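Scroll down for the structure; my scribbles are underneath it.
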Amino acid sequence: MRTPTAGRLAALLGTLAAALLCVLTAGAGTASAHAALTATDPRQGSVVPTAPARIELTFSEGVLLGADSVRVLDPQGTRVDTGKPGHTDGRSETASVALRPGIANGTYTVAWQAVSADSHPVAGAFTFSVGAPSKTTVEAPVAGTDPVVGTLYDIGRYAAYAGFALLVGGCVFAGVCRASRPVQKIAVGGWITLFLSTAVLLLLRGAYTGGKGAGSVLDLALLGDALSTKPGAAMLTRLLLLSAAAVFLAVLFGSYAREDSREGARADAREGAPPLRDRPALAYGLAAGGTVVAAGLAATWAAAEHASQGLQPWLAMPVDVAHLLAVGVWLGGLAALLAALRADEALPRDAVRRFSRLAFGAVCVLVVTGLYQAWRQVGSWSALTGTDYGRWLLVKVSLVAVMVGGAAFSRRWTVRLADGVRPSGPRTAAPAARTTDSPERAAQLARQRAAVAKAAGKRRRDADPARAGLRRSVLAEAAVAVVLLAVTTVLTTTQPGRAEVEQERAGRTDGGTAPATAGRTDVTIAYDTGGTNGRGTARVALDPGRPGANTVDVALTDPAGRPADVPEATVSFTEKEKGIGPLRVPLERVSAGRLRASGFQLPMAGRWQLTLTVRTSEIDQVTEIENVEIND
């Protein structure tokens, strides 16, 4: 049976990771907004006597604005804003845009989109009226990113994390444990993956944050906008640091081959070089330079994502850098160890033991930094189980526990591992081809000699049963690491639990509306899409069920009363008499069969038409309509 090479194994794991990431991100739903809209002037759903000079929005944290971040549309859909949006009094958590003077009475729609300061796009819309409400032909846009661009961006994020881990882990393994051709391929492959994925992310950034399609990826204007933001600058810095990392790789692996060649140990040069600890001068220089470059690469994530915003950013950013470095040392080192174990020659026991100690230290750093990050991003036990971020975090913790358990098995095999011993005496080379042989015959003999040498190396490698057991154990750890990286990527695109709870509180208190205990409107709708498992019941609850901010809760159940987790469910409200709407509710998945939106604005009292659309398969869909009375 043919044994796959390290390169083929890496390609297989990469394919599995990409497929797994698509599944995980599809199941996670659209990422929640990381900056919450907490106030507007004019107030959402209000009626003002005269037209305001400006529209102002206030968010729960800083946002980055573009040329079309705030658009104001009159009842016919014509823009009435003028000039570029900006921050009020220089405050990054605000956005404002001027209106043309002398606009007519009627209902106006404000559509906004921005980039949360932790790099994630946010968007939404609300209405207000001048003089009196009127009919409007404007349909409030739905927040979100183009699905194709979003999927490509998520895959790029995963590839970037994986490339970073392989680069850092491969270099550390080469320096501390053993350098060999397979380990070099792991490190160089990580560099290439990180460079290409970062370049792709930079191209996608403008379309991702602006809600544009994949066709706008090469738009230079969007690329310029992306580079002017903190996340874009971080990616550009990452590309520059990777240039320094390329020099580091050349020195790290190139110096080994040159020194070994001068020593005359050509066999060792082919299979590996002694660890850097045996060469202090080179060790100190490479360790210092490599640490600076690796920390800089990790900082490009910490400076542009969750760690840079919220509670204690001055501490969270260095903690995040340490966390990412520990991930790289552990997970990337596992890939390097697996590649070295699959090489033809036996890996020395001392090298495996050094990595075991190194991995143990990395796990300790992960635990300490992970506990701090969990407290900072989740904040409460209820958020740990009641938010998407908390639930994904629990999945991540479970996977880490599984990997630690696998590492315990690997340590047991390491104790039983016997050192690989090279055959004594000089290696006997097969006789060279006679000069009378044809070039084809000479090439055939060369391939045969290579195959014989490879088979002999594998027999020597597999002679120790403990070595085979260690390979299997490390392979299992690497498989779990693929899943772990995918979950980590999902966490970076999911709103932290603490922020989600604060956003819900802001939605309940925005605009001075009545508290949630003031009332509640419930509507029960039976639906049948006509397909398999297409029948069910939807219960739509509006709290407090009055004009202004409402929490909309949708619960879907099957005929047996169990939660029905359908592929898609949407809700919108229309006031037919006054021609307002449809106003689509930005529902977010809470759990199986549960969707919720906080702070949804109903501009006025009246007889509203509730439209529910449920899709249970690619072709089975139904739309049901009910009337709802909203009273002052």
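None of the figures in this text is laboratory data; all of them are computed from the coordinates on show. What you see is a predicted model, and the numbers here were worked out from it, not measured in a lab. Using ideal geometry, Cβ is built from the backbone for each residue, glycine included, and neighbour counts are taken over all protein chains shown.
Just subtract the alpha-carbon distance of L239 and T50 from 0.36 nm times their residue separation and send over the number in nm, one decimal. Before the final figure, lay out the partial values.
Numbers: separation 189, 0.36 × 189 = 68.04 nm, distance 5.17 nm.
Extending this stretch completely gives an extra 62.9 nm.
Under 12 Å from the Cβ of K212, count the other residues' Cβ atoms, weight Lys and Arg +1, Asp and Glu -1, and hand me the total.
Numbers: positive: R205; negative: D68, D146, D219, D225.
The answer is -3.
Students often check this: by mean Cβ neighbours within 10 Å, which of 294-305, 371-382 ranks highest, and how do the rest follow?
Numbers: 294-305: 22.0, 371-382: 16.6.
Result, highest mean Cβ count within 10 Å first: 294-305, 371-382.
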> What is the set of long-range amide H partners of G62 at a cut-off below 5 Å, with H atoms built 1.01 Å from backbone N?
Replying inline: A117
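Hey, can you rank 524-531, 151-158 by average C-beta count inside 10 Å, highest first? Before the final figure, lay out the partial values.
On the way: 524-531: 15.0, 151-158: 21.5.
In decreasing order of mean packing, 524-531, 151-158 become 151-158, 524-531.
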>> Let's test this: bin the Cα-Cα distances of the range 544-632 at 5 Å from zero up to the farthest pair and state each bin's percent.
In response: 3, 13, 23, 24, 18, 12, 6, 1, 0
>> Suppose R0 equals 25 Å. What FRET efficiency, 1/(1 + (r/R0)^6) with r the Cβ-Cβ distance, do S382 and T537 give to the nearest 0.05?
In response: 0.35
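Checking the table K185/K212; K212/K396; K84/K135 against a 30 Å threshold on Cα-Cα, which pairs fail?
On the way: K185/K212 37 Å; K212/K396 32 Å; K84/K135 28 Å.
Violating the 30 Å Cα-Cα cut-off are K185/K212; K212/K396.
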